[in-house]
Amino acid sequence: MTRSVLIVEDDPAIAAVIAEALGDEGYDVTLCSRIDRRDELLAERRFDVMLTDVILEDGDGLASIAAVHSAAPEMPVIVLSAQNTLDTAVRSSDSRAFEYFPKPFDLDELTKAVEQAAARRPSVGPQSDPAEDMPFIGRSQAMQGVYRMISRVLRNDLTVLVTGESGTGKELVAEAVHELGARKTGPFVAVNAAAIPHDLIESELFGHEKGAFTGAINQAIGKFEQANGGTLFLDEIGDMPAQAQTRLLRALQSGRIRRVGGRHDIAVDVRIIAATNRDLAPMIAEGTFREDLYYRLNVVPIHMPPLRERREDIAALARHFLALAEREGLPRRSIAEEAVAALAEREWPGNVRELRNVVFRLALIARNESIDRAIVDENLPGVRIESEAAQDGGFTSALASWLAGRSVPSGTLYHAALTEFEKPLIEHALRETEGNQVRAAQLLGINRNTLRKKIGELGIEPERYTRRR
């Protein structure tokens with residue numbers, strides 16, 4: 001997801017230098033030199049970060065930051081100024097600027113500040129609880145697939161089923177679909193099926209009438225009615241009891257619900273997004289989850305990858321969480337590259353949520369302003385990931401051995417290596433994803449139909465890699 005930066009600077013040379021540096025880092029850069037043009041651009045589109053000079057052609061850029069915050073309240077603003085006085089620094093702080101850089105400034109430091117500001121900028125709008133904030137951060141191939149799927153469901157009301165391990169950010173997907181979609185002006189209501197006693201879940205979802213059961217001393221409006229006109233997020237759908245599944249299926253089919261103890265149906269206009277960290281296929285086979293409900297929910301599947309499949313995003317996530325920790329009142333910290341490497345060596349069974357908690361703890365206990373590898377190793381003694389060679393039965397070492405000393409005619413290396421290693425590579429992907437062909441295709445970066453064809457051509461038995469439960 002490309003981040004966008006608006007640079008408001010009337011010195012063409014400075015603007016060009018900053019734009020080139022940020023462009024090289026992959027940012028989408030827009031330039032302007034006047035306050036009136038800045039306001040037009042903010043009205044036209046959303047920017048992740050704004051850099052502004054103080055003295056501009058048509059006024060004081062710092063004095064007008066209040067108007068910027070009004071137009072884009074979540075957008076961080078970085079102030080640049082040749083007026084290197086205490087007053088300017090104080091005014092920058094009072095204006096809630098993200099950072100202040102006196103001119104001349106260090107370009108690398110400015111680029112790093114933009115990265116931190118962009119990481120802090122929520123990708124899907126403000127969240128209800130900053131302490132639980134898990135924004136979409138990452139440019140890994142796995143996350144690009146998530147972004148594409150989200151973009152495809154924003155202009156329709158198709159039911160979405162989000163799968164993934166605990167802590168990967170499934171609720172964030174639901175919030176993104178709601179906040180960026182056509183129902184953003186309606187309510188977003190979340191309910192966790194695993195957190196509600198089985199005998200109360202129908203009342204929680206559909207509401208109840210007074211006297212419907214012991215303890216029902218008043219009428220209660222259920223989550224479906226609360227979400228009318230908006231989105232209902234059903235988390236941990238795999239934990240829903242059988243009777244509630246039946247009533248949920250009826251509601252999805254008819255668009256109508258009936259309160260517990262009620263006599264009349266109530267029409268509801270609700271988009272359904274469900275999520276689960278469980279594999280529903282064996283539950284369907286066992287009869288504990290309705291197959292017809294599964295197909296009603298799984299119209300558009302979105303899989304949130306575990307952190308171990310997007311390790312390249314750990315650096316950006318860690319720096320974002322450090323900025324979030326500072327916002328929560330913890331000391332300002334940076335993190336060294338070797339410390340990031342140490343974090344990337346872990347398995348992260350708790351995924352992004354676990355990484356967030358670890359980074360917060362490191363921010364609290366670090367002895368220096370910069371978190372180094374030593375403090376990570378001291379406080380994360382868990383097992384590191386095995387070498388790739390150990391993970392895939394020697395696949396990596398086999399590739400190295402095959403290449404060593406081999407004379408391959410120019411222009412034939414790719415096809416020669418592909419012929420030699422295509423089958424073990426696909427087997428490796430199936431092993432990593434426990435036989436899940438959809439995820440294996442995503443890992444390989446190929447179409448699922450192409451993977452199926454290759455599996456047949458190469459005589460691979462994918463069921464061998466399916467984990468037995």
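The values are calculated or read from the model by the stated rules, or taken from the named source; none is laboratory data. Computed from a prediction, not measured in an experiment: that's the story for all the values here. Glycine also receives a Cβ, built like all others from the backbone with ideal geometry; neighbour counts cover every protein chain displayed.
Among the numbered conditions (1) among the small types (Gly, Ala, Ser); (2) modelled with pLDDT under 90; (3) in a helix (DSSP H, G or I), the only one that residue 21 does not meet is (2). Scanning the range 302-333 for residues that are surrounded by fewer than 16 Cβ atoms within 10 Å (Cβ to Cβ) and over 19 Å from residue 168 (Cα atoms) turns up 326, 327, 328, 329, 331, 332.
All of 171, 165 fail the test of being closer than 28 Å to residue 350 by Cα, in a helix (DSSP H, G or I) and of a type in the set (Asp, Glu), apart from 171.
Within the range 206-218, is even one residue at pLDDT below 95, in a helix (DSSP H, G or I), under 20 Å from residue 170 (Cβ atoms) and within 32 Å of the chain's Cα centre (by Cα)? No, because not a single residue in the range 206-218 is at pLDDT below 95, in a helix (DSSP H, G or I), under 20 Å from residue 170 (Cβ atoms) and within 32 Å of the chain's Cα centre (by Cα).
Among the residues of this structure, residue 9 does not count as one that is exposed (fewer than 13 other Cβ atoms within 10 Å of the Cβ), in the same structural domain as residue 116 (by TED's automatic domain parsing) and either among the small types (Gly, Ala, Ser) or out of contact with any Lys or Arg (no Cβ under 9 Å at 6 or more places or on another chain) (or both). Each residue in the range 24-45 was checked for being in a strand (DSSP E or B) and either over 25 Å from residue 107 (Cα atoms) or not polar (S, T, N, Q) (or both), and 4 of them qualify. Being buried (at least 17 other Cβ atoms within 10 Å of the Cβ), modelled with pLDDT under 80 and within 33 Å of the chain's Cα centre (by Cα) is a property that holds for residue 92. Scan the range 242-255 and tell me whether some residue there is touching a residue at least 40 places away in the same chain (Cβ under 8 Å), in a strand (DSSP E or B) and surrounded by 17 or more Cβ atoms within 10 Å (Cβ to Cβ). No, every residue in the range 242-255 fails to be touching a residue at least 40 places away in the same chain (Cβ under 8 Å), in a strand (DSSP E or B) and surrounded by 17 or more Cβ atoms within 10 Å (Cβ to Cβ). Within the range 307-339, can you find the residues that are part of a helix (DSSP H, G or I), farther than 14 Å from residue 143 by Cβ and among the aliphatic types (A, V, I, L, M)? The answer is 318, 322, 323, 324, 325, 339. In the condition set (1) touching a residue at least 60 places away in the same chain (Cβ under 8 Å); (2) not assigned by TED's automatic domain parsing to the domain that holds residue 226, residue 314 is compliant with all but (1).
In this structure, does residue 276 turn out to be among the polar types (S, T, N, Q) and buried (at least 19 other Cβ atoms within 10 Å of the Cβ)? In short, yes. Inspection of the range 209-230 identifies no residue that is polar (S, T, N, Q), over 28 Å from residue 154 (Cβ atoms), in the same structural domain as residue 183 (by TED's automatic domain parsing) and buried (at least 17 other Cβ atoms within 10 Å of the Cβ).
So that you can scan it fast, the table gives a plain yes or no per residue for (1) on the phi < 0 side of the Ramachandran plot; (2) in contact with an Asp or Glu (Cβ under 7 Å, 6 or more places away or on another chain):
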position	(1), (2)
190	yes, yes
205	yes, no
209	yes, no
222	yes, yes
236	no, no
241	yes, no
259	yes, yes
271	yes, yes
275	yes, yes
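If you filter the range 176-203 down to residues that are in a loop (DSSP other than H, G, I, E, B) and in contact with a helix residue (DSSP H, G or I) (Cβ under 7 Å, 6 or more places away or on another chain), you find that the one that is surrounded by the most Cβ atoms within 10 Å (Cβ to Cβ) is 196. Against the conditions (1) crowded, with 20+ Cβ neighbours inside 10 Å; (2) outside the structural domain of residue 168 (by TED's automatic domain parsing), residue 289 satisfies every one except (2).
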